[in-house]
Amino acid sequence: MKAVKAAAKAVKSPHAETVRKAVAAPMLEIPEPKLTWMNKSRQWGVRVKPGKKGLTLGSLNVGIYGEIPMDWPDQTRNPRGAIGRKGMPPVGYMLRSKSQVWADCAADLYEEAIQRRWAPATDVPWDTVKPLPDDLERAVCQVNTELSQYANVEIEVISAWQHQMVYGYHEVKQYLATAGFDAARHYEVFRKRALMNGGGLGLEGPGQVNRMILESRGGWTEAVVYLVLVRGLFAQTILRYLEHYASNEAESFIYRNVLQDKARLLTYGLDHLKFAIAHNEDQKQIIATLLAIGDGLFIRDFNDPVLREALAIVFGGSIEGARGAGMDVYHDMMRAYISTHLEYCQWLDVPRRIPEQLEQYAPQD
Amino acid sequence: MSEAEKLGPDYELDLGWMDQTGPWDTRAEEGRNGLTLADIQVGEYGRVPDESDNQTGRPRGSAPRSGSYRIGNYAVRTKSEIWLDNASFLYEEALQRQWSSATDVPWHTIEPLPDDIEQAQCQMATFLTEVEFVAGDVPARWVSQTTPDFFEARQLLTAQVMDESRHMDVFRKRAMANGGGLMAATGATSGFVGSIDLSRDFTEMSARLHISGEGAVLTIFRMGELMAYNDAEKAMYRLCAQDEARHVAYGVMHMRYMAETAPERHEEINCYFDEAEAGILSGSANPAGQAPILSEPLAILLGGGIAKFDEGFKKLVALRRRQIQEYKKRVVSAGFGARFENGRSRINEILEQAAAA
Ligand SMILES: [Fe+2]
Ligand SMILES: [Fe+2]
């Protein structure tokens with residue numbers, strides 16, 4: 001105690017005094033335990049056992065811990081099922097209703113994302129990339145530049161919304177953490193491919209659809225419509241074709257693995273839209289309106305020849321090939337995109353008309 | 001009629017884009033650790049601007065389009081505000097060291113514990129699951145506001161969000177794995193002025209989050225062996241410590257970059273450290289802090305039960321000392337060690353006096 005008194009004398013500034021109180025006192029005194037926190041639990045005696053896939057997030061939803069209310073007004077980080085502390089100022093979460101964020105599959109997708117993790121640096125067989133003819137390398141680099149930019153939008157949108165979701169729906173926050181991390185990896189892997197084979201980055205993409213996704217500020221559900229049902233599905237279709245026409249094992253590994261990651265986001269997105277539609281009377285019509293407005297922007301992006309020609313060169317193997325078979329494959333890819341998009345809209349029961357400019361890609365029946 | 005429709009079987013191509021590229025003939029080469037982010041920082045592609053004018057979200061080094069929409073409006077576009085020199089390395093490490101709380105923790109090694117220990121463990125786990133994701137929410141917000149020109153730093157923050165998600169999850173799992181359950185939340189990370197959440201500047205946030213908050217948690221995770229009662233708990237703390245060390249490294253390396261490149265902000269940053277030092281034990285976000293809802297369960301875990309509370313509390317005090325020593329080391333390493341020499345910080349001398357007493 002003598003030493004502390006001596007220290008107090010030596011202390012001059014008010015700041016040092018604060019530190020002395022905060023640091024020295026707790027070093028010296030052993031308090032009498034109050035134990036007021038003991039025996040406080042809303043449900044005790046829980047014993048969740050690991051299953052075939054280990055101890056998973058979803059398996060924790062037992063008893064009151066599995067009660068997920070439709071509204072979660074608590075804006076602190078009170079974990080679902082714990083006893084909250086009264087009187088805490090809100091953190092400020094914008095999304096506080098289950099219908100704004102929820103998808104039943106989120107917990108499983110979270111665990112799946114972790115199990116299927118991969119690292120572009122070490123898992124891609126980079127040594128299988130051999131010099132390509134100049135036209136093909138330019139096309140591959142252009143496609144990878146635009147895909148990297150797609151991933152950038154995904155990173156920005158997901159991270160902008162995820163932190164606005166309340167703690168009561170932690171499964172969704174956690175799944176989106178994996179989706180943001182996936183997108184970061186995609187951003188990285190496409191850049192790596194463009195910079196490692198005598199090429200470089202190409203021309204930045206046209207910004208209309210990027211802007212449209214980023215501007216869907218009204219709600220996360222609305223962002224999901226553009227991010228998943230329009231751009232996400234389009235990117236997936238591209239990746240599926242790219243995998244088929246890849247020039248080497250590294251590229252096919254990249255496209256395949258990114259596709260697998262994106263499939264999770266699509267699953268979450270569709271599941272969420274279905275949930276939102278089921279719990280909000282107007283949601284279906286909102287989605288239909290968004291899609292109709294989105295068509296205009298999508299068509300402007302799509303009319304830009306850059307990505308189309310680059311893809312046709314990749315599919316055709318050269319500029320010459322692009323003029324014939326390559327462009328045919330491209331149109332085939334567009335038909336695949338539109339028909340899957342329509343299928344999903346139908347599954348969601350969202351009314352959908354394909355605009356005239358894209359009619360050539362609509363299914364015939 | 002759209003352009004696409006006009007195209008016949010022998011398609012006309014424009015191909016004007018083929019000459020609009022970033023620097024060409026780039027050959028990044030794989031190193032010992034694969035093709036890393038550092039390996040692709042070649043030529044112009046490795047040049048990070050001090051101020052970013054990228055408003056369209058274009059990949060750094062790609063050819064700009066004059067007609068592109070401005071969509072960025074990024075709040076963070078000054079390099080020194082967010083940069084650290086080894087982001088690429090830490091990011092690649094994060095990718096290599098991902099783990100699964102479902103399968104990498106040997107949950108089957110958990111056996112029933114005496115009630116006071118199980119309660120203490122569950123209270124601690126409730127607190128940790130409550131606060132872990134503050135370090136997910138907040139970096140996510142900054143990720144969305146940072147220009148892609150600083151993507152190396154942004155990648156690392158994205159990895160942190162992922163790590164924290166797993167931390168939030170592993171402690172929830174622990175609370176429900178052994179006949180206990182969640183207990184009482186502390187409200188430690190609510191919306192107070194001065195909280196990590198409400199920081200309005202990245203560097204201030206990083207001082208609060210990476211150096212002060214996560215630094216304190218890292219010391220505890222590193223000493224997890226002392227409060228673990230089975231291999232599952234040991235694994236849990238060890239794996240979290242590994243992640244946490246990266247997050248703290250972000251803060252230290254970022255501050256070091258600030259120390260070297262932004263002398264005009266030194267005084268301000270010292271103010272952040274003043275705040276951190278005043279709150280290091282009194283703030284409720286430190287699990288070894290003074291709040292009884294945290295210090296009591298921790299003392300019970302460290303001592304081995306309520307009956308050995310005093311013994312546990314002495315260990316807790318040792319842990320606090322170590323927290324402060326490690327904090328000091330980090331601030332020195334960040335380039336702000338002068339505060340411990342010039343009388344601004346009293347942490348040094350108070351540590352010595354407390355030890356002597
Ligand atoms: Fe953490
Ligand atoms: Fe952390």
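Build a GNM of chain B with springs between Cα atoms under 10 Å: which of B:Ser101, B:Ser190, B:Ser212 gets the top mean-square fluctuation?
Ranking B:Ser101, B:Ser190, B:Ser212 by mean-square fluctuation puts B:Ser190 first.
Taking a label point 7 Å from the Cα of B:Arg322 along the Cα→Cβ vector, which residues of the range B:96-127 have an amide N closer than 19 Å to it?
Correct set: B:121, B:124-125.
Are any of the pairs A:Lys49/A:Lys274; A:Lys173/B:Lys314; A:Lys40/A:Lys274; A:Lys52/A:Lys262; A:Lys40/B:Lys173; B:Lys234/B:Lys329 more than 28 Å apart by Cα-Cα distance, and if so, which?
Long pairs (Cα-Cα over 28 Å): A:Lys49/A:Lys274; A:Lys173/B:Lys314; A:Lys40/A:Lys274.
Mind giving me the FRET efficiency for B:Thr103 and B:Glu341? R0 is 41 Å, r the Cβ-Cβ distance, nearest 0.05 is fine.
With a Förster radius of 41 Å, E is 0.25.
For the peptides A:162-173, A:177-188, what is the packing order when you average, over each peptide's residues, the other Cβ atoms within 10 Å and list the highest mean first?
With the highest mean Cβ count within 10 Å placed first, the list reads A:177-188, A:162-173.
Return the single residue from B:Glu214, B:Glu81, B:Glu111 with maximal mean-square fluctuation; model: Gaussian network over chain B, springs between Cα atoms under 10 Å.
Of the options given, B:Glu111 has the highest mean-square fluctuation.
Residues with beta-carbon under 14 Å from that of B:Glu268, excluding B:Glu268: net charge, scoring Lys, Arg +1 and Asp, Glu -1?
-2
Set the Förster radius R0 to 56 Å, insert the Cβ-Cβ distance between B:His266 and A:Ser318 as r into 1/(1 + (r/R0)^6), and round the FRET efficiency to 0.05.
0.45
Return the average number of partner chain Cβ atoms within 10 angstrom of each residue Cβ along peptide B:28-38.
Mean partner shielding for this stretch: 5.
Which residues, if any, in the range B:83-101 have at least 30 Å² less accessible area in the whole protein complex than in the isolated chain, probe 1.4 Å?
B:Tyr91, B:Leu95, B:Gln96, B:Gln98, B:Ser100
Tally Lys/Arg at +1 and Asp/Glu at -1 over every other residue whose Cβ is under 14 Å from the Cβ of B:Ile110; what's the total?
Taking every other residue near B:Ile110 into account, the sum is +1.
Can you give the accessible area buried between chains A and B, summed over both chains, with a 1.4 Å probe, in Å² to the nearest 100?
The A and B chains share an interface burying roughly 11800 Å².
State the three equivalent ellipsoid semi-axes of the protein assembly as shown, derived from the C-alpha gyration tensor as the square roots of 5 times its eigenvalues, in descending order and whole Å.
Result for the protein assembly as shown: semi-axes of 49, 29, 21 Å.
Quick one: what Rg and Dmax do you get for chain A from the alpha carbons, in Å?
26.3, 92
Could you provide, to the nearest whole Å², the per residue accessible area of the range A:98-361 with probe 1.4 Å?
29
Compute, for chain B, the length of the dipole vector about the Cα centre, with Cβ point charges of +1 (Lys, Arg) and -1 (Asp, Glu) only. Units Debye, rounded to 20.
The dipole of chain B has a size of about 900 debye.
For B:Asn230 and B:Lys314, calculate 0.36 nm times their separation in residues minus their Cα-Cα distance, and state this gained length in nm to one decimal.
28.0 nm
7 Å from Cα along Cα→Cβ at both A:Gln346 and A:Thr36: what's the point-to-point distance in nm?
Each label point lies 7 Å from its Cα, and together they span 6.3 nm.
Top mean-square fluctuation among B:Ala159, B:Ala102, B:Ala175, Gaussian network model of chain B, C-alpha springs under 10 Å?
In this elastic network of chain B, the residue with the biggest mean-square fluctuation among B:Ala159, B:Ala102, B:Ala175 is B:Ala102.
At 1.4 Å probe size, with the rest of the protein present, what percent of the exposed accessible area of chain B is carbon and sulfur atoms?
Heavy-atom surface of chain B belonging to carbon and sulfur, 1.4 Å probe: 47 percent.
Under a point spin-label approximation (7 Å from Cα along Cα-to-Cβ), what is the A:Met70-A:Asp123 distance to one decimal in nm?
4.0
With only alpha-carbon pairs counted, each pair once and no self-pairs, how large is the Kirkwood hydrodynamic radius of the range B:53-163 in angstroms?
Averaging 1/r across every pair of different Cα atoms and inverting gives 17.2 Å.
For an R0 of 41 angstrom, estimate the FRET efficiency from the Cβ-Cβ distance between B:Phe192 and B:Ala307 and round to the nearest 0.05.
Using R0 = 41 Å, I get an efficiency of 0.70.
For chain A, which whole-number percentage of the solvent-accessible area (1.4 Å probe, protein heavy atoms only) is attributable to carbon and sulfur atoms?
Its accessible area is 51 percent carbon and sulfur atoms.
Please report the net charge: other residues with Cβ closer than 15 Å to the Cβ of A:Arg80, K and R +1, D and E -1.
Net charge around A:Arg80: +1.
The values are calculated or read from the model by the stated rules, or taken from the named source; none is laboratory data. Keep in mind that this is a model prediction, so the values were computed, not measured. All Cβ positions, glycine included, derive from the backbone under ideal geometry; neighbour counts span all protein chains shown. For accessibility, only protein heavy atoms count, side chains too; no ligands or nucleic acids. Shrake-Rupley method; radii C 1.70, N 1.55, O 1.52, S 1.80 Å.
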